[in-house]
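Colleague: First the structure, which I've put down as structure tokens, then a few questions once you've had a look.
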Amino acid sequence: MRIRELMKLYAQRRIRPQEVIEECFRKIEETKHLGAFISLDYDGAMRTAQMLEKSFTKELPPLYGVPIAVKDLIDVAGLRTTAGSLFFKDNVAKEDAFVIQQLKKAGAIIVGKTNLHEIALGVTNNNPHFGPCRNPHDPARISGGSSGGSAVSVATNAVLAALGTDTGGSIRIPSALCGVVGLKPTYGRVSVRGVMPLSWHLDHVGPIANCVEDAWIVLKSISRYNAQDPFSQKAPLREPDFEKFPKGIRILKVTGNFVSKADERILKIMDEACEVLEQLGALIEEKPLEWLKDAAAANGLITQTEAAAFHRERLKQHPEMFSDDVRQRLMEGASTSGVDYAQARKIQTMTKHNFKQLFSQYDLLMLPTVPIVAPPIEGENAVEMARRLTRFTAEFNISHLPAISIPFGRVDGLPVGVQFVTKWWREDLLVQVAHAFERSTAHS
């Protein structure tokens, strides 16, 4: 079911929020072997549902009675925010994060907190403290991360949407591997107040959903300027025209050595995606952007250095409490020289400049979300996997550009994600094209 369909049923009084929540928790129980959730709040969700039923009006808020899961890095008052770490296993949030306040104002019902890679520093979501998060298409494979639980909760239809965070690809990677839609907005579009930081200069909050329109509805509800958040930015959010495709739109398909590292079958799917876009009326060009490699590497260095700064005392006093891969990356971050960090921040500025020039010629970029399909849980080293899976996503964190991953095609029966990227603050254009593409393909 989609959000629009549910809202119609509510408006016609054909279904009640309590019924929806009961069904939601039935599905959560049915799929609990996948490890999507760390904490559940059945009582709180039912109380909210009852309250919504009593306050029913003809003019329903945009997320009235919509069950939503929240990555366990984001504070929900009265629930634990564990960050998937032993350090925070008893950390009960005193107040809602700003994004949660916005969701509640829009009528959403928070059902629980989702599993993640420890402190969000990784992409496998193989969490040794709370259990691995498993791919719903093959439970022997990873969900991807770090927002793996959020992606799985949506992919199993336990919830209609979920919140994730994205510092190097953590919304888009699990969305691609689990076959759902993941939307990373422009940096600063969504407030991070009340969200445990991983990297102050790279963290984004955004929605995961089963379709582009649902992701957009959630994004609209949480996109508010927050004067109490030093990272929040004020910018208008334009409304997309979902009824038509912007014919003549210029899309650059990224090619060259950088992209050729992907599975050949995924690259073939990208060619098929281009054919769909051309039939819709897009003008496709191909061009290598080899400087993306340096941007991705700089994003990784900034991430682990700033993460080490935030977790400095914990790393110093009890390093053994971190999982092996997270401890390794934090220690690498702690040993980063000021010169190397400064160089990475220079690359960030140059990357933004390069994209500014690029988007004077093109409207959108397209490339795979990830270079491979979901690997086995018992696979290669998690640190190496982080570098591999963020290859096509991290560039858009360091540059602060909005990006979306949508499912298209399969390899070995596993989902593949196509990624679209556009200029700053043009999420409307991003979702307009993604929605038309989605509607023209099997995923609609």
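Colleague: Can you sort Trp424, Trp200 so the residue with the fewest Cβ neighbours within 10 Å comes first?
Modeller: On the way: Trp424 20, Trp200 15.
Lowest to highest Cβ neighbour count: Trp200, Trp424.
Colleague: Something else now. With θ set to phi - 60° and the Karplus curve 6.51 cos²θ - 1.76 cosθ + 1.60, what are the ³J(HN,Hα) couplings of the range 231-246 in order, to the nearest whole Hz, using x for Gly and Pro?
Modeller: Karplus values, whole Hz, x for Gly and Pro: 9, 6, 10, 9, 7, x, 10, 6, 8, x, 9, 6, 8, 9, 9, x.
Colleague: Still on this structure, please answer the following. Roughly how large, in nm² to one decimal, is the mean projection of the convex hull of the alpha-carbon atoms in the range 3-222? Each step should come with its number before you reach the end.
Modeller: Working: hull surface 42.1 nm².
The number I arrive at for the range 3-222 is 10.5 nm².
Colleague: Average the reciprocal distances over every distinct pair of alpha-carbons in the chain, invert the result, and give the Kirkwood radius in Å. Show your work: numbers first, answer last.
Modeller: Working: mean 1/r = 0.0466 Å⁻¹.
Hydrodynamic radius (Kirkwood, Cα pairs) of the chain is 21.4 Å.
Colleague: When DSSP beta bridges are limited to those with both residues in the range 3-222, what percentage is antiparallel, rounded to the nearest 5? Don't jump to the answer; show the numbers that get you there.
Modeller: Numbers: 17 of 25 bridges.
Around 70 percent antiparallel, to the nearest 5.
Colleague: For Glu285, what is the net charge nearby, where nearby means another residue's Cβ is under 12 Å from its Cβ and Lys, Arg count +1, Asp, Glu -1?
Modeller: Numbers: positive: Arg250, Lys253, Lys287; negative: Glu278, Glu286, Asp363.
Residues close to Glu285 contribute a combined charge of 0.
Colleague: Here is a follow-up. Please report Phe56, Phe87, Phe322 as a ranked list, fewest other C-beta atoms within 10 angstrom at the top and most at the bottom.
Modeller: Working: Phe56 14, Phe87 18, Phe322 24.
Ascending number of Cβ neighbours within 10 Å: Phe56, Phe87, Phe322.
Colleague: Count charges around Ala374 for me, please; just the other residues with Cβ under 9 Å from its Cβ, Lys/Arg as +1, Asp/Glu as -1. Walk me through the intermediate numbers first.
Modeller: Details: positive: Arg141; negative: Asp138.
Charge balance near Ala374 sits at 0.
Colleague: Among the lysines, which fall within straight-line cross-link reach of Lys293, defined as a Cα-Cα distance under 30 Å, with same-chain neighbours fewer than 8 residues apart omitted?
Modeller: Qualifying lysines at Cα under 30 Å: Lys71, Lys184, Lys253, Lys261, Lys268, Lys346, Lys352, Lys356, Lys423.
Colleague: Please find, in a Gaussian network model of the chain (springs between Cα atoms separated by less than 10 Å), the residue of Thr303, Thr336, Thr422 whose mean-square fluctuation is greatest.
Modeller: Thr336
Colleague: What number, rounded to the nearest 500 deg cm²/dmol, is the helix-based mean residue ellipticity at 222 nm of the chain, given -39500 (n - 2.57) per DSSP H run of at least four residues and division by all its residues?
Modeller: Working: 16 runs with 173 residues, N = 444.
Estimated from H runs of four or more residues: -11500 deg cm²/dmol.
Colleague: Still on this structure, please answer the following. Which residue, Met51, Met366, Met331, has the most motion in a Gaussian network model of the chain that connects Cα atoms within less than 10 Å?
Modeller: Largest GNM mean-square fluctuation: Met51.
Colleague: Pick from Ser175, Ser146, Ser55: which is most flexible by mean-square fluctuation in a GNM of the chain where alpha carbon atoms under 10 Å apart are linked?
Modeller: Ser55
Colleague: So which aspartates and glutamates pass the test for Lys234, namely a Cα distance under 19 Å, with those fewer than 8 places away in the same chain ruled out?
Modeller: Cα-Cα hits under 19 Å: Asp203, Glu427, Asp428.
Colleague: Under the rule of at least 5 residues apart or a separate chain, name every residue whose amide H is placed under 5 Å from the amide H of Asn127.
Modeller: Those lying under 5 Å, H to H, from Asn127 are Cys133.
Colleague: I would also like to ask the following. Given the Cα atoms of the range 192-332, and with Rh set as the inverse mean 1/r over their pairs in the Kirkwood sense, what is Rg to Rh to two decimals? Let's see the in-between values first.
Modeller: Details: Rg = 20.3 Å, Rh = 19.3 Å.
Reported Rg/Rh (Cα atoms, Kirkwood Rh): 1.05.
Colleague: List, in order, the whole-Hz ³J(HN,Hα) value for each residue of the range 103-116 obtained from phi through the Karplus relation with A = 6.51, B = -1.76, C = 1.60 and θ = phi - 60°; use x for Gly and Pro.
Modeller: For the range 103-116, the Karplus-derived couplings read 4, 5, 4, 7, x, 5, 10, 7, 9, x, 10, 9, 5, 8 Hz, x marking Gly and Pro.
Colleague: Taking the beta-carbon count within 10 Å as an exposure proxy, list Thr31, Thr81 from fewest neighbours to most.
Modeller: The order, fewest Cβ neighbours first, is Thr31, Thr81.
Colleague: Would you mind counting up the charge near Ala227? Only other residues with Cβ under 12 Å from its Cβ, with Lys and Arg at +1 and Asp and Glu at -1. Provide the component values of the computation, followed by the final result.
Modeller: On the way: positive: Arg193, Arg224, Lys234; negative: Asp229.
Surrounding charge for Ala227 is +2.
Colleague: Can you give me the C-alpha center-to-center distance between the range 77-129 and the range 326-400, rounded to a whole angstrom?
Modeller: Rounded to whole Å, the Cα centres lie 24 Å apart.
Colleague: Defining a contact as two alpha carbons under 8 Å apart and six or more residues distant in sequence, what relative contact order in percent does the range 3-222 show?
Modeller: Details: 525 pairs, mean separation 45.0, N = 220.
Computed over the range 3-222, the figure is 20 percent.
No value in this document is a laboratory result; all are computed from the given coordinates. Computed from a prediction, not measured in an experiment: that's the story for all the values here. When we count neighbours, we look across all protein chains shown, and the Cβ atoms used for this are built from the backbone with ideal geometry, even at glycine.
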